[in-house]
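For reference, the structure discussed in these notes is given below.
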Amino acid sequence: MLVNNDLYKKSSKTQKIRCEICANYCKIADGSFGVCRQHKNVNGELFDESYGIVSSLSPDPIEKKPLNKFLSGTLTYSIGGFGCNMICLHCQNYMISHEYGDYSRGVKITPEAIVENALKYNCKSIAWTYNEPTIHLPFNKKTSLLAKQKNLKVIYVSNGYFSNKSLQEVLGFIDAFNIDLKSMSDDFYKKVCGADLDVILDNLRSIYLAGKHLEITNLIINDYNDSVDEINALCDFVVNELDENVPVHFSRAFPYYKMNDISPTNPEILFKAKEIAMDKGIKNVYLGNI
């Protein structure tokens, strides 16, 4: 499916396209893909190779996203796709984000069918989740606008690595976000995720200032982002740059993908993180995977 041409720029001197869907701003040569392995340059036009192909569809408790202060106690219709714009070494969904090979395990579905399914299961919202939704912005925007016509709310579970253009589009149709703030170290983001921390922090500020419901998840990994200093820095950012009412979820990590040599996160550091957050004045703090 051809991507909205507002989200890419052609070069007049080369066959490359500068994709502007996420903050990687990939320069894609003819016949090649961007980092996400979804956007392909075909004769100077950008195509989403898996438009309308999803990896999973299911009604879930909204708290599973996790969103604990938005439509609490309701079901959300979860939709996952393929690909990602980060390269996280600890990815919990690497089978659909990085090592899926082709789309033979996927399901072809229309936006109309997704909305019908959500209503059939008595869901109050749809949630773009499991892989990074931003990279399939044209498909999830079309679906989301249909969902809103049926009074369904729309949720993004995201790594927050939006481009400026895509964030402005997303803010036009998303009601609630859970953003994975992986670390307060730019070195961690560059080495472990292949991304830039400042982009995520700027986007979190923009989401909050836009008045959208926002919750933050921080997966704590032994010896990587588990220091008291880093937890303090994350909590200070929430309190000083956002709001003490923004819920924060600290989650336990397990050996996975290319970090299969780590040990499961010591639960004590999660309890310590919760104590730090509450002492800083954060009103809603939750622990996950324990």
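The values are calculated or read from the model by the stated rules, or taken from the named source; none is laboratory data. Quick caveat: nothing in here was measured; it's all calculated off a predicted structure. Because the Cβ atoms are built from the backbone with ideal geometry, glycine has one as well, and the counts that use them run over all protein chains shown. The accessibility values were calculated without ligands, DNA or RNA, using every heavy atom of the protein model including side chains. Shrake-Rupley method; radii C 1.70, N 1.55, O 1.52, S 1.80 Å.
Using the heavy atoms of the protein chains and a 1.4 angstrom probe, tell me the accessible area per residue for segment 72-157 in square angstrom.
42
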Query raised in the report: Counting only the heavy atoms of the protein chains, how much of V157 is accessible to a 1.4 Å probe, in Å² to the nearest 10?
Result: 30
Report task. Kindly express, to the nearest 10 degrees and within the range 0 to 90, the angle between helix 137-149's C-alpha long axis and the longest C-alpha principal axis of the chain. Result -> 80
Query raised in the report: Roughly how many whole Å is it from the C-alpha centroid of segment 127-187 to that of segment 93-111?
Result: 18
Report task. Calculate how steeply helix 111-120 sits against the longest principal axis of the alpha-carbon atoms of the chain, using the helix alpha-carbon long axis, and give the answer as 0 to 90 degrees to the nearest 10. Result -> 40
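With an 8 Å Cα cut-off and a minimum separation of 6 or more residues, compute the relative contact order for the chain in percent.
Once normalised by length, the contact order is 14 percent.
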Query - Sites excluded, trypsin sites (Lys or Arg not before Pro) in DSSP loops with at most 14 other C-beta within 10 Å, longest stretch of the chain - result: 151-257
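On a full-extension model of 0.36 nm per residue, what is the gain between Y103 and Q15, subtracting their alpha-carbon distance, rounded to one decimal in nm?
29.0 nm
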Query raised in the report: Normalised by the residues of segment 40-174, what does the relative contact order come to in percent, with Cα pairs under 8 Å and at least six apart?
Result: 25
Query raised in the report: What's the FRET efficiency of L287 with T110 using the Cβ-Cβ distance as r and R₀ = 35 Å, to the nearest 0.05?
Result: 0.35
Query raised in the report: PRE reach from Y257 (point 7 Å along Cα→Cβ): which of segment 208-227 fall under 18 Å by backbone N?
Result: 217-226
**Report entry** Portion, in percent, of the accessible area of the chain that falls on carbon or sulfur, probe 1.4 Å
**Finding:** 49
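Kindly state, to the nearest 0.05, the FRET efficiency for D186 paired with N122, given R0 = 30 Å and r defined as their beta-carbon distance.
On the way: r = 43 Å, r/R0 = 1.45.
The value I calculate is 0.10.
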Query raised in the report: Could you give me the ³J(HN,Hα) list for segment 275-290, computed from phi with Karplus coefficients 6.51, -1.76, 1.60 and θ = phi - 60°, whole Hz, x at Gly and Pro?
Result: 4, 4, 4, 5, 5, 6, x, 5, 7, 10, 10, 10, 10, x, 6, 10
